[in-house]
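A quick write-up on the structure given underneath.
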Amino acid sequence: MRTTLRVLAAAAAILVGLAVTALTPAVAATSAAPKPAAAGQHCVVVLDKLRPGQTNSRVLSRTCADRADAPALTTAAASSTLLLVLYEHINYGGASTTITGAYGPCDAEGYGVSALVSSWRNRVSSFKGFNYCNVVELFDGINYARSLQIYGAGGSRLDVAWVGSYANDKTDSILMHRQ
Ligand SMILES: [Ca+2]
């Protein structure tokens, strides 16, 4: 069943515009200064619907700001559905990335992020799922290479204040769906 789910999941590279960069090892992330194009500690990423014949859905927009409550971020997320918020530190601390979907809440197929932007690889320590994204699987490596852990809850929300020592700072790709 999980294999089927992975095939069906709408997959997305968070930074399609820098696909080449996204495929390189994460080594550069720790040695380079922050890039102006990715300025801001808090970002909103809007995922498109998976189109027929595609294995990766497009990223419709990626907007970043220094403050999580910046109007630009509110605007970016306004016309889409909140899916998942990733946090740099335990207990929802530090930098964050908000992932929203252009085709509604999570269903059984859900959404996928096949490659986190390089600055977000090996960084996630806590997260929150919304709108029935109540099963979230974190992977080490892009394209769902190695499963780290599956987190689940029965309701419309999934709050994980700590991903655990095994999965901490290892996530490179993510699948989410409704239980
Ligand atoms: Ca972290």
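Among the residues of segment 156-171, at least one is more than 16 Å from the ligand (Cβ to nearest atom), among the aliphatic types (A, V, I, L, M) and more than 18 Å from ASP48 (Cβ to Cβ). I'd like to verify a number: residues in segment 114-151 that are within 16 Å of the ligand (Cβ to nearest atom) and of a type in the set (D, E, K, R), how many? The total comes to 4.
Considered as a group, the residues in segment 149-166 that are over 15 Å from the mean Cα position of the chain (by Cα) and among the hydrophobic types (A, V, I, L, M, F, W, C) include one that is farthest from SER119 (Cα to Cα), and that residue is ALA153. Within segment 102-142, the set of residues being in a loop (DSSP other than H, G, I, E, B), without any contact (Cβ under 8 Å) to a residue 40 or more places away in the chain and either among the acidic types (Asp, Glu) or over 20 Å from ALA78 (Cα atoms) (or both) comprises just one member, GLY141. Elements of the type helices (runs of 4 or more DSSP H) sitting completely within segment 1-98 and holding at least 2 residues that are modelled with pLDDT of 85 or more: these cover 71-78. Out of curiosity, is LEU116 at pLDDT below 95 and buried (at least 21 other Cβ atoms within 10 Å of the Cβ)? Taking the combined requirement at face value, the residue satisfies it. Within segment 130-144, the residues that satisfy the criterion of being at pLDDT 95 or above and more than 20 Å from LEU60 (Cα to Cα) are TYR132, ASN134, VAL135, VAL136, GLU137, LEU138, PHE139, ASP140, GLY141. Might you check whether a residue that is within 16 Å of CYS43 (Cβ to Cβ) and either exposed (fewer than 15 other Cβ atoms within 10 Å of the Cβ) or without any contact (Cβ under 8 Å) to a residue 40 or more places away in the chain (or both) occurs anywhere in segment 143-157? Scanning segment 143-157, I find no residue that is within 16 Å of CYS43 (Cβ to Cβ) and either exposed (fewer than 15 other Cβ atoms within 10 Å of the Cβ) or without any contact (Cβ under 8 Å) to a residue 40 or more places away in the chain (or both), so the answer is no. Scanning segment 99-139 for residues that are of a type in the set (S, T, N, Q) and under 11 Å from THR81 (Cβ atoms) returns THR100, ASN131.
Within segment 125-148, the set of residues being on the phi > 0 side of the Ramachandran plot and out of contact with any Pro (no Cβ under 7 Å at 6 or more places or on another chain) comprises GLY141, ASN143, TYR144. Among residues of segment 79-95 that are more than 9 Å from the ligand (Cβ to nearest atom), those with a Cβ under 6 angstrom from a residue that is modelled with pLDDT of 95 or more and among the basic types (Lys, Arg), sequence gap 6+ or separate chain, pair up as VAL85/LYS128.
The values are calculated or read from the model by the stated rules, or taken from the named source; none is laboratory data. Keep in mind that this is a model prediction, so the values were computed, not measured. Neighbour counts run over all protein chains shown; Cβ positions are idealised from the backbone, glycine included.
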